[in-house]
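Chemist: Structure provided below as structure tokens; questions to follow.
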Amino acid sequence: MNTQPTHQFASQSAMRRAFDALQEELETVLRHVRSYLVSEEATVAAADTSRLDAYASRVLRAMAEGDERASLVRKEIDSRRSEVAERSTTLGERVAALSASKTQLEDVGDSRVLWPAQALGVLGAVAAAAGAIYLVLGIGVAESVVLAVSGAVFGAAAAYALYSLQLSAAAWAQPATLAVVCSASAVLAWAVAQLADIDGVQSLVAVVFSALNSSVGYASLAGVLATQLEQNRRRLLSQVTNGLAAAHSELERVLPEERAWLEEASAALVEMEQSHHLQARHHFATSASDVIGRAEASTQPSLEAHRDVLLVEIDRALDAHLGKAIRGEPSPA
Amino acid sequence: MSMVSSVLRRPDGLPAPRALRPSLGDFLALLWAALVGSVILAPVLVGVWYFMGGVALAVVWAAWLVLASVFVARGLANALGRSIQGWREPTAEERAILHAACVRVCVAAGVDPERYTLRVARGTRNAHSSGRSVLAATADVITGPTAVGGVELEAMLAHELAHHRHGDLILAGPTWWLLLPLAFVDTLSRALAAVPLIGSRLALALWFPFRAVVFPFRTLSCLSGRPRELLADRFAADCGYARPLEHFFTDSADSARGGSGGLVAWMLDTHPGATDRITALRNADA
């Protein structure tokens, strides 16, 4: 599904300019017709049927010329209509795909977003462990802190290794890793206590605190990693939601406005063409009446009859055009 | 976690932003502005210290620095953008065209169009982003005989949208605030220059240190801004507007051919040249 722009919509400005240009062209055509009729009247004295034929022929040519110019704009409107219809279909598909993504993202939401509290927690645990080691093992403060931090780092490293191996989702992975981390820390603390000749309760306290420290380090990083994923999920969810909003906005506002504008443009085009043709007919009727008025009384009835025949022909062309203009409009999308 | 990871695949047609926060250069420019502003405010701060003590000095100085952060807020940043850039509300026709183009860009970029405000910019044949949510284009590209094609207008808006997405303008408001003392010095030097006899000498005395301060800031902003312009072009290309953008740059390059201006002009130019941008777009395609 490709929603990236392949359309070549002419902007509404360009279409408006095309309309203005068409209006001007049609007016120019009518001016030429009128000036021809006037110049003919001025230069040619004869008032006969051939004169009327020449007038009618000129007017019919003007109507055809108007048809041709208007058809270019009509094609643009039709082309744009089908682009709008295609865009509507594409957007419908996009909305469906994004909605599916949104549902999936919402389903896998993770509430573990307490990384500030987790950071404080691990600091507190390290401090408590360092204090305990210092008091229990009787070694220096720096050494106690190093040991406590090492324990937490060890636990965190285990969590990261689990994440990197993508085993975190397995049901057995987290408890098993936690057990391993606690056991390893406990064994290490016991070994250090033995080396330091510390027995009994002190040794037990050192082992317990070491295990607790490592487990806090592990749990905190596991929570942070989940939080990082949660952050990524939220960022993506936000983008999908915004993408949906944009698609709906185009489907519900932009495309209907575009269709309405195209309908108006089409109606305006029909009206423009109709006006052009009626004006051309009017020019013919006026000029023909002038010619008949100047003719000899004996020839006037025949000229009038000939004029009426020519008017019928022009009206037929006009009806044919109007029929084409209406038929040329595709059914609304 | 692996189930979550499998779901966290970006849907087709939703390009990722090319950056998420302002550039290092923007941060450095902000720091430089804070330093320069502090130096210019030093006489005032010394006065505060002399009359009210060290604590008052610290509070005033800290308040001045912290106040810069309020210009990150959307309303203030947009208002500031308006006063500096001077854009106007679009007419009904301009709004219809801009809105349609903006919505289409937002569909391609995966962004909510309602978050952005559309305005008409001053000038010719250009578009810019301003504040925290303003997208503006000049009137001549929207309507009229020189209006660009629909897709080209979308391409321009996509580029400007990228600046907002990448956080390129977040620090603009705070930087403006911190540079206000410098702006005051500039106004003062112009006023001094009008003083008969000695005015020009006084203004000249201010001019050198002023330029010495402004030049590094401007260079820093421009040098860090230029890669961000290319990044914004890349984001617009990711949204599918590579060809229309290239077409716009080609037209702009054809209409704006002129002298090169040398190294300094290049250093102070906030935008890469049209040729460089076209080349970058074509390389991105390749």
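Chemist: Assuming B:Val151 fulfils every condition listed in (1) more than 9 Å from chain A (Cβ to nearest Cβ); (2) farther than 17 Å from B:Leu230 by Cβ apart from one, which condition is it?
Modeler: In the conditions (1) more than 9 Å from chain A (Cβ to nearest Cβ); (2) farther than 17 Å from B:Leu230 by Cβ, B:Val151 misses (1) alone.
Chemist: Okay, moving on. Among residues belonging to the stretch B:19-63 that are away from chain A (no Cβ under 14 Å) and part of a loop (DSSP other than H, G, I, E, B), point out the one that is farthest from B:Val213 (Cα to Cα).
Modeler: Step by step, filter the stretch B:19-63, then rank; the result is B:Gly53.
Chemist: Give the residue, chosen from A:Ala148, A:Ala125, A:Ala170, A:Ala158, that is farther than 18 Å from A:Leu204 by Cα, at pLDDT 70 or above and either in contact with a Lys or Arg (Cβ under 7 Å, 6 or more places away or on another chain) or not basic (Lys, Arg) (or both).
Modeler: A:Ala158
Chemist: In the stretch A:290-308, which residues are without any contact (Cβ under 8 Å) to a residue 24 or more places away in the chain and surrounded by 13 or more Cβ atoms within 10 Å (Cβ to Cβ)?
Modeler: Those that are without any contact (Cβ under 8 Å) to a residue 24 or more places away in the chain and surrounded by 13 or more Cβ atoms within 10 Å (Cβ to Cβ): A:Gln300, A:Glu304.
Chemist: Now a separate question. Which of the residues belonging to the stretch B:136-146 are touching a residue at least 24 places away in the same chain (Cβ under 8 Å) and within 14 Å of chain A (Cβ to nearest Cβ)?
Modeler: B:Ala137, B:Ala139, B:Ile142, B:Thr143
Chemist: Ok, one more. So, in the stretch B:100-117, exactly how many residues are outside any helix (DSSP H, G or I) and either facing chain A (nearest Cβ under 9 Å) or within 14 Å of B:Met156 (Cβ to Cβ) (or both)?
Modeler: The qualifying residues number 4.
Chemist: Considering the stretch B:69-99 alone, what residues qualify as being surrounded by 15 or more Cβ atoms within 10 Å (Cβ to Cβ), facing chain A (nearest Cβ under 9 Å) and either closer than 18 Å to B:His163 by Cα or in contact (Cβ under 8 Å) with a residue 40 or more places away in the chain (or both)?
Modeler: Matches in the stretch B:69-99: B:Ile97 only.
Chemist: Return yes or no: is B:Ala29 within 29 Å of the chain's Cα centre (by Cα) and surrounded by 15 or more Cβ atoms within 10 Å (Cβ to Cβ)?
Modeler: Yes; evaluated as a whole, the condition is true for this residue.
Chemist: Being at pLDDT below 80, within 13 Å of another protein chain (Cβ to nearest Cβ) and surrounded by 18 or more Cβ atoms within 10 Å (Cβ to Cβ) is true for just one of A:Leu225, A:Leu251, A:Leu188, A:Leu236. Which residue is that?
Modeler: A:Leu225
Chemist: Can you confirm whether the stretch B:173-187 contains a residue that is of a type outside the set (Lys, Arg), over 20 Å from the mean Cα position of the chain (by Cα) and either under 18 Å from B:Asp276 (Cα atoms) or outside any helix (DSSP H, G or I) (or both)?
Modeler: Within the stretch B:173-187 (the criterion being of a type outside the set (Lys, Arg), over 20 Å from the mean Cα position of the chain (by Cα) and either under 18 Å from B:Asp276 (Cα atoms) or outside any helix (DSSP H, G or I) (or both)), the answer is no, since none of the residues qualifies.
Chemist: Of all residues in the stretch B:191-211, which are surrounded by fewer than 16 Cβ atoms within 10 Å (Cβ to Cβ), assigned to a helix (DSSP H, G or I) and either at pLDDT 75 or above or among the acidic types (Asp, Glu) (or both)?
Modeler: B:Ala191, B:Ala193
Chemist: Anything in the stretch B:133-148 that is of a type in the set (S, T, N, Q) and surrounded by fewer than 20 Cβ atoms within 10 Å (Cβ to Cβ)? List them, or say none.
Modeler: B:Ser133, B:Thr138, B:Thr146
The values are calculated or read from the model by the stated rules, or taken from the named source; none is laboratory data. The structure presented is a predicted model; accordingly, all values stated were derived computationally and were not measured. So basically every Cβ, Gly included, is an ideal-geometry build from the backbone, and we count neighbours across all protein chains shown.
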